[in-house]
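We did not get these values from a lab; they are worked out from the coordinates using the rules stated. None of these values were measured; they are calculated from a predicted model. Note that we place each Cβ from the backbone using ideal geometry, even for glycine, and neighbour counts take in every protein chain shown.
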DNA sequence: GGCAAACATGTAATTAATTACATGTTTGAA
DNA sequence: TTCAAACATGTAATTAATTACATGTTTGCC
């Protein structure tokens, strides 16, 4: 008789697919994954190590990934995770499957705007100015990332999706800034 | 000696401020609030009644709102909630306070794109087409909402923020659709 | 050699949010 | 008059995610 074991992963857990995708690029540790969420995909998704480590265990339990124990130096233990065929198939299925939902865009500034009733509310212009600076800074940051990541133009060819989403984010911020400018007083 | 009572509301609970803002527009019931999240602000924030009712209790406990019991017909009980001065001040403070954080945009399609490595991946074009249709539909929906909500041009004057965020959402969808079109094969 | 930053892995507590469960009333149309 | 849709209010269970707690190793610079 076996112990009760429940490894069913909730229905809308997107983080697991991102992890599958990252492990498909190359086997790596939980620590490496956590760093990836601060760097290359940090603009698009965030996850802390405290969410990653338990999820890796669940995913291994579900048979989607496996790990190999390694040691750096004398005794620093590492767990190098990689996809199983099942995990790879799960990733392929996820990417292929439709994404028919619109993303709820939970922008706090937009929410606050809703409660500004008139164009002459004294809070409006400072709010617009603050957001203008914020999104301008983000735009510059994204443009610089594109320059560094895709400095070598051939990089686009084998990281096309990454290029597309950076391009998309840059377009989005460009128009956000333009939209704000339109309502900013000189 | 009093019982332990803990009414501190967690630090990033934005829903409470939306409720304060809605109750400031007019006193209403939890049911009315839940409907508002399906209609006028549904494009910008969502909340189910199962989240609203307990929160209303916590907010009343915290002294931000009060309710009045009414009865419709013979015995259908309703709780009409309204702001206290404390609650009103909390709303004003929230709107006035800076919003210096960028919203993480957790768009599943964008995530999937990241794992498309080459421009000739056969999944790319269908994905772009699907999103094109989705965002085109959303754009039309938003445009129609603007026409109905702001049919009377004087409405803009006393619901300026609402006008701005609808305008912003329309701009965003317009450029999203344009961006997709740019990468769609004919 | 000392020391800080980065490497590396975990758990606990709490909050936000969704889905499902649960119950009853009123309105309005067929 | 019957019946469905809308009105109205709750709780329970579960999941996703963040913050805080907790511990130890290695690298590289001064």
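Need one number: nm distance between label points at residue B:174 and residue A:24, each 7 Å from Cα along Cα→Cβ, rounded to one decimal.
3.6
If I model the protein assembly as shown as equal point scatterers sitting on the Cα atoms and use the Debye formula, what is log10 I(q)/I(0) at q = 0.08 Å⁻¹?
-0.53
Averaged over peptide B:116-122, how many Cβ atoms belonging to another chain are found within 10 Å of each residue's Cβ? Could the numbers behind the result be given before it?
Values: counts 8, 8, 6, 7, 2, 3, 1.
Going residue by residue through B:116-122 and averaging, the value is 5.
Within a 10 angstrom radius of each residue's Cβ in A:159-171, how many Cβ atoms of other chains show up on average? Whole number is fine.
Working: counts 4, 10, 13, 5, 4, 9, 8, 1, 3, 11, 2, 1, 5.
Taking all residues of A:159-171 together, the mean is 6.
What base-10 log of the normalised intensity I(q)/I(0) is obtained for segment B:81-130 from the Debye formula, alpha carbons as equal point scatterers, at q = 0.16, 0.32 Å⁻¹?
-0.63, -1.16
Where along chain A is the Cβ that lies nearest the axis linking it to chain B, and how many Å separate them?
A:175, 2
So what's the back-of-envelope 222 nm ellipticity for chain B, counting only DSSP H runs of four-plus at -39500 (n - 2.57) apiece and dividing by all residues, rounded to 500?
Numbers: 8 runs with 104 residues, N = 186.
After summing the helix terms and dividing by residue count, I get -17500 deg cm²/dmol.
Looking at the square roots a ≥ b ≥ c of the eigenvalues of the Cα gyration tensor of segment B:15-96, which shape do they give, rounded for a/c under 1.5, prolate if a/b is larger than b/c, or oblate?
Values: a/c = 1.91, a/b = 1.22, b/c = 1.56.
Oblate, because a/c is 1.5 or more while a/b does not exceed b/c.
What shape does segment A:95-173 take by its C-alpha gyration tensor, where a ≥ b ≥ c are the square roots of the eigenvalues and a/c under 1.5 counts as rounded, a/b above b/c as prolate, and the rest as oblate? Could the numbers behind the result be given before it?
Numbers: a/c = 5.38, a/b = 1.73, b/c = 3.10.
Note, shape of segment A:95-173 comes out oblate.
So the label point sits 7 Å from Cα along the Cα-to-Cβ vector; using that for residue B:85, what distances do you get to the other copies, in nanometres, sorted shortest first?
7.3
If you rank B:139, B:76, B:91 by fewest surrounding Cβ atoms within 10 Å, what's the result?
Numbers: B:139 19, B:76 8, B:91 23.
Lowest to highest Cβ neighbour count: B:76, B:139, B:91.
In whole angstrom, and with the biggest value first, how far do the Cα coordinates of chain B range along each principal axis?
Dimensions of chain B along the principal axes of its Cα atoms: 71, 45, 39 Å.
To the nearest whole number, what is the average tally of beta carbon atoms from other chains within 10 Å of the beta carbons of peptide A:93-101?
Numbers: counts 0, 4, 9, 5, 2, 6, 11, 6, 4.
Per residue, the average neighbour count from other chains is 5.
Every other copy gets compared here: list the nm distances from the residue B:51 label point (7 Å along Cα to Cβ) to its counterparts, shortest first, one decimal.
So the label point of residue B:51 gives 1.5 nm to the other copies.
Taking the Cα of residue B:120, stepping 7 Å toward and past its beta carbon, and measuring to each backbone N in segment A:155-171: which are under 15 Å?
Flagged as within label range: A:157-160.
Tell me the distances, shortest first, between residue A:141 and the same position across the other copies, using label points 7 Å along Cα→Cβ, in nm to one decimal.
Nearest to farthest, the other copies are at 3.0 nm.
Just want the ordering: A:44, B:150, from fewest to most Cβ atoms lying within 10 Å of their own Cβ.
Values: A:44 21, B:150 16.
Neighbour counts put them in this order, fewest first: B:150, A:44.
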